[in-house]
Amino acid sequence: MTDLPLTGYRILSAEQYGAGPYGTMLLAQLGAEVIKIEPPRVGDSARAVGPHYLREGESVYFQTFNLNKKSLTLDLRSDKGQEIFRKLAGEVHVVANNMRGDLPEKLGLTYDALKDVNPAVVCAHLSAYGRDNERARWPGYDYLMQAEAGYLSLTGEPDAPPTRFGLSMVDFMTGTMMTIGLLAALVDAERSGKGRDVDVDLLSSALHQTSYPALWYLNEGDVTARTSRSAHPSVTPSQMFRTADGWVFVMAQLPKFWTILTDRIGRADLAADARFATPADRLANREALTEELDATFSAQPTAHWMELLQGHMPVSPVHSLDQALDNPFAHATGMVATVAHPDREDLKVLGSPFRVSGERPPLRAAPLLGADTDAVLAGLGYDDAEVAQLRHEGVV
């Protein structure tokens, strides 16, 4: 596909690990040229994250966040590295980073530092706690945000210890929010000719996603607690039920789905039961309703109930990770894809979540460390001898 919506846009990103690289990967999959800045010799720390590797220093983990990008090795702490960086910053639309909050200013990654070479540049910053407060120097990771923002008190069974999400969702949410912010600033820069800084941070993103439970507490003093079976806090039946061979998640979020559920599973008696007559009645008698539905669902395997309910109301089997990724639907829709890597011709990756003109964008394997350094420097006018000298000095 040569007509992706961000084709022609250039993004320079001093990034590492997860949140920032996830966000810029989304932009790369939409057609942007994303040049990833990595420290010479060692690269992004994500390259070393095990347990699975394609080659020494090239992890499968790294592929998760860096498809479709270019890799430039550059020491931003050196004078010559800064000279190269500023030349590049003058030729791109966006400079992004996900460094600790106090570092962008020190390394010249802010709009104030770059507006003289590129008045229209958008500078996107993703940090743990923000750049303008007492925690700017604090390091931070996804799990810490889940803990501080209350997620662990909302996840898992009521009698279990505090439990985090099984995935680094705060990283993914914050990376996505960064892309929204920088794209909005980019639209304005194209209209006005003036760029700006755009900031997001992990903790703010995590708190923002507490959503309606947050407003329930802030306005009504109602503290949402964990519910058994991962049930919805205010609607039932909207939870897991045990089947003969596993679990099924049923969501009768609307009254019409309650009617469909009781009809299709042959439990018209529940629809006629005064304890379950209204949504409020069902919530007040959730435990009794769970016992009734457990008795029904446990009599047959998950596949039986899926055949009866799927397409008629919101319902899903509760998959293990391997079952989710082996699901024929995921393959048929292109969410499991293959890319060619120097160490593995058929490296399996997750497809892009976007469809553009009805198709998922094409994917390339994440770059080897410094794979594009020579080409990027040549584009700035450096000849082979100069590049060799920069490499000898450890600048690239």
Looking at the range 267-374, which trypsin sites (Lys or Arg not before Pro) are in a loop (DSSP not H, G, I, E or B) and have at most 12 other Cβ atoms within 10 Å? 355
Computed Rg/Rh for the chain (Cα atoms; Rh = Kirkwood radius) stands at 1.05
For the range 1-63, what does the accessible surface come to per residue with a 1.4 Å probe? Please give it in Å². 39 Å²
The ratio Rg/Rh over the Cα atoms of the range 120-260, Rh being the Kirkwood inverse mean 1/r radius, stands at 1.09
FRET efficiency, 1/(1 + (r/R0)^6) with R0 51 Å, evaluated for residue 55 and residue 244 via beta carbons: 0.65
To make sure I understand the rule: partners must be lysines, Cα under 19 Å from the Cα of residue 80, and not fewer than 8 residues away in the same chain. Which ones qualify? 36, 106
Which value, in debye to the nearest 20, gives the size of the charge dipole of the range 237-396 about its Cα centre, when Lys and Arg are +1 and Asp and Glu are -1 at the Cβ? 740 debye
Mean separation of Cα contacts under 8 Å (6+ apart) over length of the chain, as relative contact order %: 18 percent
Stretchable slack from residue 187 to residue 86, in nm (0.36 nm times residue separation minus alpha-carbon distance): 34.1 nm
Mean Cα-pair separation over length for the range 138-199, i.e. relative contact order, pairs under 8 Å, 6 or more apart, %: 23 percent
Alpha carbon centroid spacing (whole Å) that separates the range 1-65 from the range 319-344: 20 Å
Do any GluC sites (Glu not before Pro) in the range 93-151 lie in a DSSP loop with no more than 15 other beta carbon atoms within 10 Å, and if so, which? 134
Going 7 Å from the Cα of residue 298 in the Cα-to-Cβ direction, what parts of the range 213-236 have a backbone nitrogen less than 16 Å from that spot? 229
Across bins of 10 angstrom width beginning at 0, how are the C-alpha pair distances of the range 34-153 distributed, in whole percent? 12, 35, 35, 16, 2
Relative to the compact globular guide of 2.2 N^0.38 Å, what is the alpha carbon radius of gyration of the range 112-187, as a ratio? 1.47
Computed label-point distance, nm, for sites residue 291 and residue 274 using a 7 Å Cα→Cβ extension: 1.8 nm
Report the residue, chosen from 346, 322, 245, that carries the largest GNM mean-square fluctuation when the chain is represented by alpha-carbon nodes joined by springs under 10 Å. 322
If unit charges are put on Cβ atoms (+1 for Lys and Arg, -1 for Asp and Glu) and the dipole of the chain is taken about its Cα centre, the option from 185, 385, 88 lying farthest towards the positive end turns out to be 185
State, as an integer percentage, the relative contact order of the range 297-396 based on alpha-carbon contacts under 8 Å between residues 6 or more apart. 12 percent
Heavy atoms only, 1.4 Å probe, whole protein assembly: order 263, 269 by accessible area, highest first. 263, 269
Treat every Asp and Glu Cβ in the chain as -1 and every Lys and Arg Cβ as +1, leave all other atoms uncharged, and give the resulting dipole magnitude about the Cα centre to the nearest 20 debye. 300 debye
Gained length - residue 194 relative to residue 281, 0.36 nm times residue gap less alpha-carbon distance: 25.6 nm
Roughly speaking, to the nearest percent, how much of the chain's 1.4 Å accessible area is carbon and sulfur? 55 percent
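The values are calculated or read from the model by the stated rules, or taken from the named source; none is laboratory data. All figures in this text were calculated on a predicted structure; none of them were measured in a lab. Cβ sites come from the backbone with ideal geometry, for glycine too, and all protein chains shown count toward neighbours. For the accessible areas, the whole protein counts, side chains as well, though only heavy atoms, and no ligand, DNA or RNA atoms are used. Shrake-Rupley method; radii C 1.70, N 1.55, O 1.52, S 1.80 Å.
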